[in-house]
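The values are calculated or read from the model by the stated rules, or taken from the named source; none is laboratory data. Just so you know, these numbers come straight off a predicted model, no measurement behind them. Cβ sites come from the backbone with ideal geometry, for glycine too, and all protein chains shown count toward neighbours. Quick note on the areas: whole protein, heavy atoms, side chains included, nothing else; ligands and nucleic acids left out. Shrake-Rupley method; radii C 1.70, N 1.55, O 1.52, S 1.80 Å.
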Amino acid sequence: MVEMTKTTAAIVERCQALFDDLEFQAARQWKASRPERRVVAYMPIYVPREIIHAAGMLPLGILGAGENLEVIHGDAYYQSYICRIPRSTLELGVTGRLDFVDGFLFPSICDVIRNLSGIWKLLFPKVYVRYFDVPQNFSDGIGGAYYLEELRELRDGLAGISGAEVTDEALRASIAVYNENRRLVREVYSLRAKAPWLAPTTEVYLVMRAGMVLPVEEHNELLRDYLAAVRAEPRPERDNCRIVLNGIFCEQPPLSLIKAIEMSGCYVVDDDFTLIGRWLLEEVPLSGDPLQALASAFLHHSAETSAKYQPDAKQKGQFLIDSVRQNGAEGVIFAAPSFCDPALLDRPMLEGALDRVDVPHIGFKYAENSAQMQPVREQAGTFADSIKLWSAP
Ligand code: SF4
């Protein structure tokens, strides 16, 4: 019997349901189906999910609570003049929505996430909590040696939850399945850059968000289904402006903001959403010491963002210029969470880099629950119109 291709609508509907579910039912069901199963949550931007997977556990991405959760308790732990993601994440925790989580990794991005790791330890003493630090020095002998030790400690800490050693063989198998995930994610991004009318960003975003909560094997299948579905369903091409969206690597904007940008006449051809799926830019080798392979990939083949230290001032912003050129973009929209130090402190430097090569840009701020989309739509629409009218050759 010939298997029918799943439709784009059906795939996106499933992803939307996963996105909307603040009780994390898919992860709860995964865990409940076998007594030995454990779940390890992580925050943006990057943790080596391969190690969690090799320990037989489910890595679960927590990217805040979005716009559909009222933050009541979370505000009591933080001042008002910081971003919203730590407050809504705390709200998820204290309301019991994450009571099935056995471990929680807080990667090194900024002080806010670091402080959240300390609060989590105090509030949830039975959960394995780790502030996962990453090197700011990219030489093998210094940052590499340090990072390798971090990876070893993480592996041993996770083995402490499961009670079983994480073997090199299991790690290589996990690296292979995540290599495949990265390959498929890159394929979706590449398809969207070539033909953004076939894969609108609102859909691509939901498909990538599904990868935060599903087992990687299921996400790989979903990515294959999505690629097959969009290739099989013709959609009309519009005379939209091609833009790169930047600054959205941690707290996520409301879905309506992404829709507003698209509806204003912009095709997003690159972005820094859910960067964990594209953090390692090349296949991680399956031979040799797997922790060493993960460390080398982080040091020498990882994505650039405002949250990653760039020691060479001349190189600051080059990744964005490269993205504009490689994806045929006509401009950049900076969108960053309010009070996001990494994104907002870097923005003037990134704007300067774009100015030097005559790439137009605009910028605005959001919060994960901000709902005033009309001004965003007007601003992005005017930006797209001005590019079409005055920047065309
Ligand atoms: S949104 Fe920005 S400031 Fe807030 S936790 Fe994330 S990186 Fe830090």
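Residues of the stretch 253-267 being part of a loop (DSSP other than H, G, I, E, B) and surrounded by fewer than 24 Cβ atoms within 10 Å (Cβ to Cβ), which ones?
Matches in the stretch 253-267: Pro254, Ser264, Gly265.
Does Val129 satisfy being farther than 20 Å from Trp279 by Cβ and either open to solvent by less than 30 Å² (accessible area, probe 1.4 Å) or in contact with a Ser or Thr (Cβ under 9 Å, 6 or more places away or on another chain) (or both)?
Judged against the criteria, Val129 is a match.
From the residues in the stretch 350-370 that are within 16 Å of the ligand (Cβ to nearest atom) and outside any strand (DSSP E or B), which one is nearest to Phe319 (Cα to Cα)?
Applying the filter and picking the extreme gives Leu350.
So, in the stretch 292-321, of the ones that are more than 26 Å from Ile175 (Cβ to Cβ) and out of contact with any Lys or Arg (no Cβ under 9 Å at 6 or more places or on another chain), which residue ends up farthest from the ligand (Cβ to nearest atom)?
Applying the filter and picking the extreme gives Lys314.
More than 16 Å from the ligand (Cβ to nearest atom) and open to solvent by less than 20 Å² (accessible area, probe 1.4 Å): does that describe Leu286?
No.
Give the residue that is farthest from Glu67 (Cα to Cα), with candidates limited to residues of the stretch 325-339 that are in a loop (DSSP other than H, G, I, E, B), at pLDDT 95 or above and of a type outside the set (A, V, I, L, M).
Of everything passing the filter in the stretch 325-339, Gly328 is farthest from Glu67 (Cα to Cα).
Looking at the stretch 216-233 only, could you name the residues that are in contact with a helix residue (DSSP H, G or I) (Cβ under 8 Å, 6 or more places away or on another chain) and open to solvent by 20 Å² or more (accessible area, probe 1.4 Å)?
Hits for the stretch 216-233 are Glu217, Arg224, Asp225, Arg231, Glu233.
Suppose we filter Ala26, Ala9, Ala65 for residues that are open to solvent by 60 Å² or more (accessible area, probe 1.4 Å) and either closer than 20 Å to Ile258 by Cα or in a helix (DSSP H, G or I) (or both); which single one remains? Give the derivation first.
Details: Ala26 fails: open to solvent by 60 Å² or more (accessible area, probe 1.4 Å); Ala65 fails: open to solvent by 60 Å² or more (accessible area, probe 1.4 Å).
Residue meeting the stated conditions: Ala9.
Could you check how many residues of the stretch 108-140 are more than 16 Å from the ligand (Cβ to nearest atom), within 17 Å of Tyr309 (Cβ to Cβ) and in a helix (DSSP H, G or I)?
Adding up the residues that qualify gives 1.
For Phe364, are the conditions met, namely being surrounded by fewer than 20 Cβ atoms within 10 Å (Cβ to Cβ) and in contact with a Cys (Cβ under 6 Å, 6 or more places away or on another chain)?
Spelling it out, it is not the case that Phe364 is surrounded by fewer than 20 Cβ atoms within 10 Å (Cβ to Cβ) and in contact with a Cys (Cβ under 6 Å, 6 or more places away or on another chain).
Would you confirm whether or not the stretch 182-198 contains a residue that is in contact with a Ser or Thr (Cβ under 6 Å, 6 or more places away or on another chain) and either in a helix (DSSP H, G or I) or free of Cβ contacts under 8 Å to residues at least 24 places away in the same chain (or both)?
no
Out of Ala41, Ala32, report the one residue that is surrounded by 23 or more Cβ atoms within 10 Å (Cβ to Cβ) and modelled with pLDDT of 95 or more. Please lay out each step first, then the result.
Values: Ala32 fails: surrounded by 23 or more Cβ atoms within 10 Å (Cβ to Cβ).
Result of the check over Ala41, Ala32: Ala41.
Of the residues Pro290, Pro342, only one is under 24 Å from Ala41 (Cα atoms) and more than 19 Å from the chain's Cα centre (by Cα); which?
After ruling out the rest, the residue left standing is Pro290.
May I ask you to list the residues in the stretch 132-165 that are among the acidic types (Asp, Glu) and open to solvent by 50 Å² or more (accessible area, probe 1.4 Å)? Break it down into steps so the answer makes sense when it comes.
Step one: of the stretch 132-165, the residues among the acidic types (Asp, Glu) are 133, 140, 149-150, 153, 156, 165.
Correct list: Asp140, Glu149, Glu153, Asp156, Glu165.
Being of a type outside the set (Val, Ile, Thr), modelled with pLDDT of 95 or more and within 16 Å of the ligand (Cβ to nearest atom) is true for just one of Gly93, Gly103. Which residue is that? If you could, list the steps in order and put the result at the bottom.
Working: Gly103 fails: within 16 Å of the ligand (Cβ to nearest atom).
The unique qualifying residue is Gly93.
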